[in-house]
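Accompanying notes for the structure given below.
The values are calculated or read from the model by the stated rules, or taken from the named source; none is laboratory data. All values reported here derive from a predicted model rather than from experimental measurement. No Cβ is skipped: glycine too gets one built from the backbone with ideal geometry, and neighbour counts run over all protein chains shown. Note: accessible area is taken over every heavy atom of the protein model, side chains too, but ligands, DNA and RNA are not part of it. Shrake-Rupley method; radii C 1.70, N 1.55, O 1.52, S 1.80 Å.
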Amino acid sequence: MNPRGLKFQLLAWYVALVLACLALLGLATYLALHSSLRTALKETQLRRARQIAQLLHERSTGGDLAQVGSEIETRYAPDRNDRFVRITRRDGATIYQSEAPLDHNFDPASVPPPVWPEGEERAREIPLLGGRELLLATHKVQQPGGAAFLIETGAPMDEVQADLKKWVLFLATLLPAVALITLGGGYVLIKRALSPVDRIAASAERITALNLGERLPVAQTGDELERLSLALNRMIERLEAAFQYSRRFVADASHELRTPLTALRGELETLFQEPRLSAEARERLGSALEEVERLANIVEGLFAISRLDAGEAAAEWVKFELGQLASATADQMSLLAEDKHIEVACQAAKGVWVQGDRARLKQVVVNLLDNAIKYTAEGGTISLKVGAQDSKAVLEVADTGMGIPPEALPRVFERFFRVDAARSREQGGAGLGLSIVKSICTAHQGRVEASSSLGLGSRFRVELPLSSAPSNNHKQNHHEH
Ligand code: ADP
């Protein structure tokens, strides 16, 4: 995952926040637990101290202080219960101190001498060996007779510490588990939340100048993603309008140019017939006519492309055999090839049916053959093949001509592109022939590609969707025509 990416950042923040919250919660519960366990222990110890105070009170009025110790032993057995008890008089004399616990849990000697508290009661922790602690509760008694005693009761805090340790252990195992769950869950959530973006991007990727009519999917979520897709769709709409405008402009311009050009050509041709014309004027007129011819070709080409781009090819679609069309066209153009002593070998398989605009697909064959003848030296060979491959109708025109340099190959289908303006212009080309081929192929859901090796020849391959053969009836009709 890309560390600068949105997904990673969101996930990292999400996991960090959840873990921080959990750690905070863990700390708070730890403190609360610590305080409540300590309070409970303190309360028990203070209660015990009060009970001993009561005992002391009862005995001291009877005057028998020495008995208090043995009574504490019988009642509370501090040595067996791991408890500490100490009674000190105001003057410092220890009236009673419990024995060391039988299991040597702690050493009563390590408990520091009593500290007389300000108030009546208090509790404090006394450090023991090995990092342990003893909670010592202190209770002060002031007897009416004037004597004051300090009763101390203590218990090791081992249980509290063990409970706290359990809690810490629990947290320590919980934290990685929660980290894993938030990581996995967060990943799925974020991926799902961002998947519309992927979808929008994938659709946006598919939209090109050729299918500007398509729109992006709009996730109706009422949020930023919906706004994004709507905004992108509006942008595509504006682009489409701009494209259409420029296409219409080319179509209108070329259409407007056709009539005056035809008129001009007519005028020039009539003038050319004029017998009184001097030889020089006739020659000039001849080259002017040639230029007008070229201009008319360009305008026709532009007009054809703009109509194709506007999607008008759909008008006269029929089903026909591509092989038949190709060989008929090759026959018609054979004179042109013969002039240059070029042999045209035609291998057209039968039964390769396609559906489309016959005249336009014929234009494809004408343009490709025309180029092949134009750019092949005298005595060369041209091969025209039609066949079916992987449910596609394939038409190939290969020549043994001059070839196309590799750097120019990707651009030959661009409008007005000529490999070498000089070589093409001599032959009367304006660089529109192949772009017309491409536009026609695209309008038929097909494609065209070129391969070439410089000096050896070129190969143009057209692929069109293969159509099923028409029913018998239809076929017969077709042959009769
Ligand atoms: P043009 O009308 O100038 O021939 P095209 O669009 O038909 O324009 O072709 C574009 C360019 O591709 C041409 O200028 C030509 O140099 C090159 N080209 C096309 N077909 C061939 C071919 N069969 N052999 C060599 N070069 C070719």
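Tell me, which strands (runs of 3 or more DSSP E) wholly within segment 78-168 include 1 or more residues that are under 23 Å from residue 38 (Cβ atoms)?
On the way: elements: 84-89, 94-97, 121-127, 133-142, 148-156.
Once the strands (runs of 3 or more DSSP E) in segment 78-168 are filtered for at least 1 residues that are under 23 Å from residue 38 (Cβ atoms), what remains is 84-89, 121-127, 133-142, 148-156.
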Selection within segment 83-100 - surrounded by fewer than 17 Cβ atoms within 10 Å (Cβ to Cβ) and in contact (Cβ under 8 Å) with a residue 40 or more places away in the chain: 89, 90
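With the requirement that a residue be in a helix (DSSP H, G or I), small (Gly, Ala, Ser) and either in contact with a Cys (Cβ under 7 Å, 6 or more places away or on another chain) or open to solvent by less than 50 Å² (accessible area, probe 1.4 Å) (or both), what does segment 64-77 give you? Can you show your working first?
From segment 64-77, those in a helix (DSSP H, G or I) are 66-76; that's our starting set.
From what's left, small (Gly, Ala, Ser): 66, 69-70.
Residue satisfying the conditions is 69 alone.
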Residue list for segment 335-379, filter: open to solvent by less than 40 Å² (accessible area, probe 1.4 Å), part of a loop (DSSP other than H, G, I, E, B) and not aliphatic (A, V, I, L, M): 376
Failed condition for residue 263, given (1) over 25 Å from residue 434 (Cβ atoms); (2) open to solvent by 90 Å² or more (accessible area, probe 1.4 Å); (3) in a helix (DSSP H, G or I); (4) at pLDDT 90 or above: (2)
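One line per residue, one yes/no per condition, for (1) at pLDDT 95 or above; (2) away from the ligand (no atom under 11 Å from the Cβ); (3) of a type in the set (S, T, N, Q):
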site	(1), (2), (3)
433	no, no, no
444	no, yes, no
454	no, no, no
462	yes, yes, no
469	no, yes, no
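Looking at 59, 80, which one is more than 60 Å from the chain's Cα centre (by Cα), under 18 Å from residue 109 (Cα atoms), surrounded by fewer than 18 Cβ atoms within 10 Å (Cβ to Cβ) and free of Cβ contacts under 8 Å to residues at least 40 places away in the same chain?
Values: 59 fails: under 18 Å from residue 109 (Cα atoms).
The match here is 80.
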Considering residues of segment 385-402 that are buried (at least 19 other Cβ atoms within 10 Å of the Cβ) and away from the ligand (no atom under 12 Å from the Cβ) only, the residue farthest from the chain's Cα centre (by Cα): 386
Any chance residue 247 is open to solvent by 80 Å² or more (accessible area, probe 1.4 Å), of a type in the set (Lys, Arg), in a helix (DSSP H, G or I) and within 27 Å of residue 308 (Cα to Cα): no
All positions within segment 181-219 that are within 19 Å of the chain's Cα centre (by Cα), loosely packed, with under 15 Cβ neighbours inside 10 Å and part of a loop (DSSP other than H, G, I, E, B): 217
